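Asks: The structure follows.
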2 protein chains.
Amino acid sequence: MVTIKDIANKLGISVSTVSKGLNNASDISDEMRQLVLDTAIEMGYTSKKMKSQDSKKVCIFIENMGYESIEQFGYEIIVGFKLSAARRKWEVTVVPTNLNMQTEEKYDTYMLRNGYSGAFLLGFTLHDDWVKQLNKTTIPTVLLDNYIENNPHVGYVGTDSFEGIDQAVNHLCNLGHKRIAFLNGTKNSMVSEQRRQAFINSMIKYSLEPDENLIRYGYYVPDCAKDHVPEFLEHGATAIMCASDLIATGVIAELTRLGVKIPHDVSVIGFDDLPIASQLSPSLTTIRQDRRDLGKSAFLLLDGLVNGVSISKLLLRAKFIARESTGPVKK
Amino acid sequence: MVTIKDIANKLGISVSTVSKGLNNASDISDEMRQLVLDTAIEMGYTSKKMKSQDSKKVCIFIENMGYESIEQFGYEIIVGFKLSAARRKWEVTVVPTNLNMQTEEKYDTYMLRNGYSGAFLLGFTLHDDWVKQLNKTTIPTVLLDNYIENNPHVGYVGTDSFEGIDQAVNHLCNLGHKRIAFLNGTKNSMVSEQRRQAFINSMIKYSLEPDENLIRYGYYVPDCAKDHVPEFLEHGATAIMCASDLIATGVIAELTRLGVKIPHDVSVIGFDDLPIASQLSPSLTTIRQDRRDLGKSAFLLLDGLVNGVSISKLLLRAKFIARESTGPVKK
């Protein structure tokens, strides 16, 4: 096991300087601190604090995702994680991140410097610097909706899109819909790819033809709807499935603007079951992700990783919820 | 919530008779006991004992799998499960099962009659009566290596075959092998299908041609090797990957019987990393499943299901372990 002395020997500096570097002391230069941290990480050093069985400190990093009020996607996830962590007396810090922060400091050195034993990353994409660095990290890390190959210290938690989307397509098929459009979230996101594949699989399963003109990537925001809804209508869509409830609110707004009645003319389905889904008029048929359970499961996974159990994937069931925004196909 | 009184009312019998039926009393007929149990299950009754937060009783059902000595696949899985359960003061009973037992009594009534709050099923296949009944059970149940669609009370725990097999194919490819055979386990098993698909994916990924003559189903026992090894050799195989270490021991025995040297003439790879893998001569290159962690993870999953967290899948990483049974392709 690597000690502070090993780091000091390698750098040819005193143990006390290494200790200052690791503990954020103010009386050494920023360059020296960085050198100490980088060397510690490279040598696989972990502090006593990080390994302690009691009162572990862990971190939730979050970006591109609302979490401050109950209407937002991240809120209940964080609640679920914190509830589970509290039972084990783990201390949880929520840190909003951005690209700048990731450019300024490496993931591993940030974790070591702050004495975090592990982290849960929400809303990150494969383009983020820190996510790229996860290929080699030895710090227990859980990602929502993203998967890192071949690293036993990193796990993926998410909702299994396939069953939920299958139930939604089956529901529309039973209502007589054949021309079903799919408005996806951001391209190059693992979860968008899964939902696209799930949609195509289910269309084929129910002998419906997936039409490339009716399958589009957007973004996980309402605004993306107006770029695609008119095109879907031109191509004869009688139902629009969306990769999130937020996208569905945009689709409903755009259909309303165009004078199209829901569900009389066109049916709409969301994904997530955010609180807004049941409050919309008409209320939104959707596929529920249990966000509190996602948070609890992320904790379970992180706890496993911290204890050397290399969980690679943990997936929750999705639940289809039929409401008013879907109805029989217009004759 | 369904009470004993509800069951009594529905059947038009006394509460005390229902209670006798649920508690295995000897002074009612077998037919009446069965009727009470069936009705209780149908109405969604769960006993206080099953829901108690303390000292839960759970069950490990096991068939088609050795577990009584450390050399056997099931042994460490059960140890891992019991270790995790003990921390939570859950009582674990191991019950060996067979087809007769499953014909005699339904899964749900067996569980209710014995006051089990949940179960972990090892070695079952999709043909087992109890597995077929899992589509509708409301009793928290975890399956090793099998998946039940659309039931939020049932979860699947296993090892992710894809990364492990990918590393194995990559290893053989780097050693110059092109004619790689794959001797699979039992057909119609989910895990056999995954390993077959993983093998084909990786062959294509490394620009090797998967040859149908070199891909065969067998059984998860050594004996199946002699039916296929001669055929693989006729078709020019220079390496044989196996879906389990036990199959690999059969392949090594058959190659030895035929005077084929390992790894000089043919390389062999197993799957599981049972204790025997490192003891064989030559020692077996294989893909490790951490069985103790599988048991721990099964407990985590069952604990989640008991607490209403609908975990659908929990997969562990597989780890490739290079030993002596693989070497450069013969020139």
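Asks: Give all pairs with beta carbons closer than 6 Å in which a residue from region B:308-320 that is within 29 Å of B:Val169 (Cα to Cα) and more than 7 Å from chain A (Cβ to nearest Cβ) meets a residue that is hydroxyl-bearing (Ser, Thr, Tyr) and buried (at least 22 other Cβ atoms within 10 Å of the Cβ); count only pairs at least 6 apart in sequence or on separate chains.
Replies: Close Cβ pairs (under 6 Å, with a partner that is hydroxyl-bearing (Ser, Thr, Tyr) and buried (at least 22 other Cβ atoms within 10 Å of the Cβ)) amount to B:Ala318/B:Thr159.
Asks: Hey, B:Asn100 hits all of (1) among the polar types (S, T, N, Q); (2) out of contact with any helix residue (DSSP H, G or I) (no Cβ under 6 Å at 6 or more places or on another chain); (3) modelled with pLDDT under 95; (4) under 30 Å from A:Asn151 (Cβ atoms) but one; which does it fall short on?
Replies: Only one criterion in (1) among the polar types (S, T, N, Q); (2) out of contact with any helix residue (DSSP H, G or I) (no Cβ under 6 Å at 6 or more places or on another chain); (3) modelled with pLDDT under 95; (4) under 30 Å from A:Asn151 (Cβ atoms) is unmet by B:Asn100, namely (4).
Asks: Any residue at all in region A:219-230 that is touching a residue at least 60 places away in the same chain (Cβ under 8 Å), within 21 Å of A:Gly327 (Cα to Cα), buried (at least 24 other Cβ atoms within 10 Å of the Cβ) and out of contact with any Leu (no Cβ under 6 Å at 6 or more places or on another chain)?
Replies: The answer is no, given that none of the residues of region A:219-230 is touching a residue at least 60 places away in the same chain (Cβ under 8 Å), within 21 Å of A:Gly327 (Cα to Cα), buried (at least 24 other Cβ atoms within 10 Å of the Cβ) and out of contact with any Leu (no Cβ under 6 Å at 6 or more places or on another chain).
Asks: Being assigned to a loop (DSSP other than H, G, I, E, B), modelled with pLDDT of 85 or more and among the aromatic types (Phe, Trp, Tyr) is the requirement here; does A:Tyr45 meet it? Explain how you work it out, then say what you get.
Replies: Values: assigned to a loop (DSSP other than H, G, I, E, B): yes; modelled with pLDDT of 85 or more: no; among the aromatic types (Phe, Trp, Tyr): yes.
So A:Tyr45 does not fit the description; no.
Asks: In region A:14-23, what count of residues is obtained for those that are in contact (Cβ under 8 Å) with a residue 12 or more places away in the chain and either β-branched (Val, Ile, Thr) or touching a strand residue (DSSP E or B) at 6+ places or on another chain (Cβ under 9 Å) (or both)? Can you show your working first?
Replies: Start the filter on region A:14-23 by keeping residues that are in contact (Cβ under 8 Å) with a residue 12 or more places away in the chain, which leaves A:17-22.
Still in the list and also either β-branched (Val, Ile, Thr) or touching a strand residue (DSSP E or B) at 6+ places or on another chain (Cβ under 9 Å) (or both): A:17-18.
Number of matching residues: 2.
Asks: Scanning region A:279-290 for residues that are surrounded by fewer than 24 Cβ atoms within 10 Å (Cβ to Cβ) and under 18 Å from A:Ala318 (Cβ atoms), which turns out nearest to the other protein chains (Cβ to nearest Cβ)?
Replies: Just the residues of region A:279-290 that are surrounded by fewer than 24 Cβ atoms within 10 Å (Cβ to Cβ), to begin with: A:279-283, A:288, A:290.
From the residues that got through so far, the ones that are under 18 Å from A:Ala318 (Cβ atoms) too are A:288, A:290.
Values: A:Arg288: 10, A:Asp290: 7 Å.
Among residues in region A:279-290 that are surrounded by fewer than 24 Cβ atoms within 10 Å (Cβ to Cβ) and under 18 Å from A:Ala318 (Cβ atoms), the one nearest to the other protein chains (Cβ to nearest Cβ) is A:Asp290.
Asks: For region B:237-290, what are the residues that are among the aliphatic types (A, V, I, L, M) and under 20 Å from B:Glu212 (Cα atoms)?
Replies: Going through region B:237-290, the residues among the aliphatic types (A, V, I, L, M) turn out to be B:237, B:239-241, B:243, B:246-248, B:251-253, B:255, B:258, B:260, B:262, B:266, B:268-269, B:274, B:276-277, B:280, B:284, B:287.
Answer for region B:237-290, where residues must be among the aliphatic types (A, V, I, L, M) and under 20 Å from B:Glu212 (Cα atoms): B:Ala237, B:Ala239, B:Ile240, B:Met241, B:Ala243, B:Ile247, B:Ala248, B:Val251, B:Val266, B:Val268, B:Ile269.
Asks: What are the residues in region A:194-209 that are more than 14 Å from chain B (Cβ to nearest Cβ) and at pLDDT 95 or above, if any?
Replies: Passing the criteria: A:Arg195, A:Arg196, A:Gln197, A:Phe199, A:Ile200, A:Met203, A:Ile204, A:Tyr206, A:Ser207, A:Leu208.
Asks: Further, regarding this structure: For region A:195-216: of the residues being aliphatic (A, V, I, L, M) and assigned to a helix (DSSP H, G or I), which is nearest to A:Ile247 (Cα to Cα)?
Replies: To start, the set of residues in region A:195-216 that are aliphatic (A, V, I, L, M) comprises A:198, A:200, A:203-204, A:208, A:214-215.
If we keep only those that are assigned to a helix (DSSP H, G or I) too, we end up with A:198, A:200, A:203-204, A:214.
Details: A:Ala198: 18, A:Ile200: 19, A:Met203: 21, A:Ile204: 24, A:Leu214: 15 Å.
Filtering first and then ranking leaves A:Leu214.
Asks: Check region B:9-31 and report whether any residue there is at pLDDT 85 or above, among the hydrophobic types (A, V, I, L, M, F, W, C), exposed (fewer than 15 other Cβ atoms within 10 Å of the Cβ) and over 30 Å from B:Pro275 (Cβ atoms).
Replies: Within region B:9-31 (the criterion being at pLDDT 85 or above, among the hydrophobic types (A, V, I, L, M, F, W, C), exposed (fewer than 15 other Cβ atoms within 10 Å of the Cβ) and over 30 Å from B:Pro275 (Cβ atoms)), the answer is yes, since at least one residue qualifies.
Asks: In addition: Of all residues in region B:119-133, which are in contact with a Lys or Arg (Cβ under 9 Å, 6 or more places away or on another chain) and surrounded by 22 or more Cβ atoms within 10 Å (Cβ to Cβ)? Don't jump to the end; show me each part of the working.
Replies: Restricting attention to region B:119-133, the residues satisfying the condition of being in contact with a Lys or Arg (Cβ under 9 Å, 6 or more places away or on another chain) are B:126, B:129-130, B:133.
Across region B:119-133, the qualifying residue is only B:Trp130.
Asks: Right, here's the next one. Do we have any residue at all in region B:292-307 that's surrounded by fewer than 24 Cβ atoms within 10 Å (Cβ to Cβ), small (Gly, Ala, Ser) and in contact (Cβ under 8 Å) with a residue 12 or more places away in the chain?
Replies: yes
Here's the yes/no breakdown for (1) within 14 Å of chain A (Cβ to nearest Cβ); (2) surrounded by fewer than 18 Cβ atoms within 10 Å (Cβ to Cβ):
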position	(1), (2)
B:Ile70	no, yes
B:Arg87	yes, yes
B:Asn100	no, yes
B:Thr103	no, yes
B:Asn135	yes, yes
B:Asn150	yes, yes
B:Gly158	yes, no
B:Asp166	yes, no
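Asks: What is the one condition in (1) in contact with a Leu (Cβ under 7 Å, 6 or more places away or on another chain); (2) part of a helix (DSSP H, G or I); (3) modelled with pLDDT under 95 that B:Asn188 does not satisfy?
Replies: Result: B:Asn188 fails condition (2) only.
Asks: Return the residue satisfying two criteria in turn: it lies in region B:168-185 and is part of a strand (DSSP E or B) and among the aliphatic types (A, V, I, L, M), and of such residues it is surrounded by the most Cβ atoms within 10 Å (Cβ to Cβ). Even if it seems obvious, please write down each step before you answer.
Replies: First pass over region B:168-185, keeping only residues part of a strand (DSSP E or B): B:180-184.
Add one more test, that the residue is among the aliphatic types (A, V, I, L, M), and what stays is B:180-181, B:183.
Working: B:Ile180: 28, B:Ala181: 26, B:Leu183: 26.
Per the stated criteria, the residue is B:Ile180.
Asks: If you check A:Leu143, A:Leu214, which single one turns out to be farther than 20 Å from A:Thr238 by Cβ and either within 14 Å of chain B (Cβ to nearest Cβ) or crowded, with 19+ Cβ neighbours inside 10 Å (or both)? Before you say what the answer is, go through the steps one by one.
Replies: On the way: A:Leu214 fails: farther than 20 Å from A:Thr238 by Cβ.
Just one listed residue meets the conditions, A:Leu143.
Asks: Which condition from (1) assigned to a helix (DSSP H, G or I); (2) free of Cβ contacts under 8 Å to residues at least 24 places away in the same chain is the one that B:Ser26 breaks?
Replies: (1)
Asks: When you look at A:Leu246, is it outside the structural domain of A:Ile78 (by TED's automatic domain parsing) and buried (at least 17 other Cβ atoms within 10 Å of the Cβ), yes or no? Before you say what the answer is, go through the steps one by one.
Replies: Values: outside the structural domain of A:Ile78 (by TED's automatic domain parsing): yes; buried (at least 17 other Cβ atoms within 10 Å of the Cβ): yes.
The answer is yes for A:Leu246.
Asks: Sort through A:Thr109, A:Thr93, A:Thr39 and tell me the only one that's farther than 30 Å from A:Gln194 by Cα, more than 14 Å from chain B (Cβ to nearest Cβ), among the polar types (S, T, N, Q) and within 19 Å of the chain's Cα centre (by Cα). Walk me through it before giving the result.
Replies: Numbers: A:Thr109 fails: within 19 Å of the chain's Cα centre (by Cα); A:Thr39 fails: within 19 Å of the chain's Cα centre (by Cα).
The match here is A:Thr93.
Asks: Now a separate question. Which of the numbered conditions does A:Met111 fail, given that it passes all the others? Conditions: (1) farther than 20 Å from A:Ile215 by Cα; (2) surrounded by fewer than 24 Cβ atoms within 10 Å (Cβ to Cβ); (3) of a type outside the set (Val, Ile, Thr).
Replies: Every condition holds for A:Met111 apart from (2).
Condition check ((1) under 27 Å from A:His153 (Cα atoms); (2) touching a Cys at 6+ places or on another chain (Cβ under 9 Å); (3) at pLDDT 95 or above; (4) among the hydroxyl-bearing types (Ser, Thr, Tyr)) across all residues:
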position: B:Ile240; (1), (2), (3), (4): no, no, yes, no
position: B:Gly259; (1), (2), (3), (4): no, no, yes, no
position: B:Pro263; (1), (2), (3), (4): no, no, yes, no
position: B:Ser281; (1), (2), (3), (4): no, no, no, yes
position: B:Asp290; (1), (2), (3), (4): yes, no, yes, no
position: B:Leu294; (1), (2), (3), (4): yes, no, yes, no
position: B:Ser297; (1), (2), (3), (4): yes, no, yes, yes
position: B:Ser325; (1), (2), (3), (4): no, no, yes, yes
position: B:Pro328; (1), (2), (3), (4): no, no, yes, no
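Asks: If B:Ile269 meets every condition in (1) touching a Cys at 6+ places or on another chain (Cβ under 7 Å); (2) in the same structural domain as B:Glu76 (by TED's automatic domain parsing) apart from one, which number is that one?
Replies: The one condition B:Ile269 does not meet is (2).
Asks: I would also like to ask the following. Any idea how many residues of region A:168-179 are more than 13 Å from every other protein chain (Cβ to nearest Cβ), under 24 Å from A:Lys319 (Cβ atoms) and not hydrophobic (A, V, I, L, M, F, W, C)?
Replies: Selection size over region A:168-179: 4.
The values are calculated or read from the model by the stated rules, or taken from the named source; none is laboratory data. Nothing here was measured: the structure is a model prediction, and the numbers come from that model. Because the Cβ atoms are built from the backbone with ideal geometry, glycine has one as well, and the counts that use them run over all protein chains shown.
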